[in-house]
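Worksheet for the structure shown next.
Every read-out reported here was derived from the displayed coordinates using simple, explicitly stated rules and does not represent laboratory data. Everything numeric in this text was worked out from a predicted model, so none of it was measured. So basically every Cβ, Gly included, is an ideal-geometry build from the backbone, and we count neighbours across all protein chains shown.
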Amino acid sequence: MKLIFTKSYEELKELLSVIGGVWDESQKNKKILRLNGGVMNWYESTGTIQFQGGEEGSQYLESNVKSALYPDEFPCVSKINPVSIENNETDTPKKEESISHDITNKYLSGNFDCSEIIIGIVSAVGTETARVITPLTDRLKRFGYKVEEIKVSSLLNSLAIADEYSRIKNLMDKGDNLRESTKNNAILAYGSAKLIKEKRGKEKTAYIINSLKHPDEVEILRKIYGQGFYLFGVHADKKRRLHYLINDKGLTNAQATELTDIDEDEKIPHGQRTRDTYHLSDFFINFGKNDDQVKNTVQRFLELMFSHPYKNPTFDEFSMFMAFSSSVRSGDLSRQVGAVIAKNQQIVATGANECPVSGGGLYWAVMDGESGNVIDKMDGKDYMRNEDSNKAEQNEIIRSILARFC
């Protein structure tokens, strides 16, 4: 995000007085603030703010400046070291030695300057999500977060129904009707964002949205919260989910089967599409034989989210990332599928579901050397040809059949 401040220098200086630091006013159009090894440059003519310096010092200063200038957008304020403010010698190496900004120490002590976190949960009906949310909540608290659970079902104003089948079916119907009536398949995501805004306070908070059922909901939440949003896909096989619904919730076999089929893919645009939503997950949690596996998986995901200095992806995780990266080579959203061939934990080849060029290779966009514009080849994508090649071929087959028999 590009940071802009268009008011006067006096107002900027007053707002940033709470974080301390030393100002350099020697240049006509540029004012400089130095704090804990970080440097902020403010260009008066454009209002643009830029940060530089050591990685830790720059991030530390940027976090505090954002919180001071725009507290509503960046409510999490970093703790300011009183020694550095009092002595106004933030760029002196000796003073910096007394301030620990080492990422390892920050991680191990649970001291993070980051803002709020939004974690979405997607799981099929009959999945015991409490087995994930409980350890997730416990571990987030260990990282210094207050945890708020946002239940999407609370937005549907459903009546209290004792019968479990009727309760679940009623929630499904209400969600479908709301999406259809508003002509907005992401309406429940907007409602969840509204609840988060109402609950937001000064404490560093993690919000768990339980649970998402439509791909459009994920798309909107990623647009709203950017890199602060993570989607956890919780998986339990169908046999296990049916067993839970029948033996623990008292549903009949027919009722349990009906609900799981509807939940996976309701075959209508505004319906339940859990299966498609699940595939959008950033992390996948698979129920194992015991809760230790779930807890350890949750712990690893949080360590990755908080940039643990010693955690690297597994080979399978890296391969899936490469497969996803390959998928975006396809210019048609309906066929964006990527794959990786590996042997002995070495990637041999990557591939994508894309139309090949005559003679081999793929259609790549190319940069014009003079203008710098990136241009698609005239026959490389459907939008350049003003037609869908598959549909054109189908129509040609239909015409040939009609011409023969009519």
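Worth a mention:
- Averaging the sequence gap over all C-alpha pairs within less than 8 Å and six or more residues apart, then dividing by the number of residues, gives the stretch 332-398 a relative contact order of 16 percent.
- Most mobile of Asp379, Asp276, Asp176 in a GNM of the chain (Cα contacts under 10 Å): Asp379
- Computed label-point distance, nm, for sites Ile246 and Gln52 using a 7 Å Cα→Cβ extension: 6.8
- Per-residue Cβ neighbour rank within 10 angstrom, fewest leading, Trp23, Trp42: Trp23, Trp42
- Counting DSSP beta bridges with both ends in the chain, the antiparallel % (nearest 5): 55
- Val374-Lys30 pseudo-label distance in nm [points 7 Å out on the Cα-to-Cβ vector]: 3.0
- Percent antiparallel among DSSP beta bridges (both partners in the stretch 117-311, rounded to 5): 0
- Simple point charges give the picture: +1 on the Cβ of Lys and Arg, -1 on the Cβ of Asp and Glu, and for the chain a dipole about the Cα centre of about 680 debye.
- The calculated FRET efficiency for Ile161 paired with Lys223, based on their beta-carbon distance and R0 = 22 Å, is about 0.05.
- Cβ-placed point charges (K, R +1; D, E -1), dipole of the stretch 117-311 about Cα centre in debye, nearest 20: 740
- The chain - percent relative contact order, Cα under 8 Å, separation 6 or more: 12
- Near Ala342, the amide H atoms lying under 5 Å from its own belong to Val348; only residues 5 or more places off or on other chains count, and H is placed 1.01 Å from N.
- Cα shape, the chain, gyration tensor, a/c 1.5 rule: oblate
- Pairs over the 25 Å Cα-Cα cut-off, from the set Lys13/Lys202; Lys7/Lys197; Lys174/Lys239; Lys238/Lys289; Lys13/Lys223: Lys7/Lys197; Lys174/Lys239; Lys13/Lys223.
- Amide H contacts of Lys204 (H built 1.01 Å from N, in plane; Pro and chain starts excluded): Lys146 sit under 5 Å, all sequence-distant by 5 or more or on other chains.
- Residues Glu25, Glu116 arranged by fewest to most Cβ contacts within 10 Å: Glu25, Glu116
- Between the helical axis of 215-225 and the longest alpha-carbon principal axis of the chain there is an angle of about 10 degrees.
- Given charges at Cβ of Lys, Arg, Asp, Glu: the chain dipole, positive-most of Val22, Leu221, Asn64: Leu221
- About the Cα centre, charge dipole magnitude for the stretch 224-381 (Lys/Arg +1, Asp/Glu -1 at Cβ), debye: 460
- Our coupling estimate for the stretch 296-311, obtained by passing each phi through the Karplus curve with A = 6.51, B = -1.76, C = 1.60 and θ = phi - 60°, is 5, 5, 4, 4, 5, 4, 5, 4, 5, 4, 8, 6, 4, x, 10, 9 Hz, Gly and Pro reported as x.
- Proxy reagent accessibility, fewest Cβ within 10 Å first, across Met384, Met367: Met367, Met384
- The modelled label-to-label distance between Phe405 and Ala254, using points 7 Å beyond Cα along the C-beta direction, is 4.0 nm.
- Neighbourhood net charge (13 Å Cβ-Cβ; Lys/Arg +1, Asp/Glu -1) for Lys183: -2
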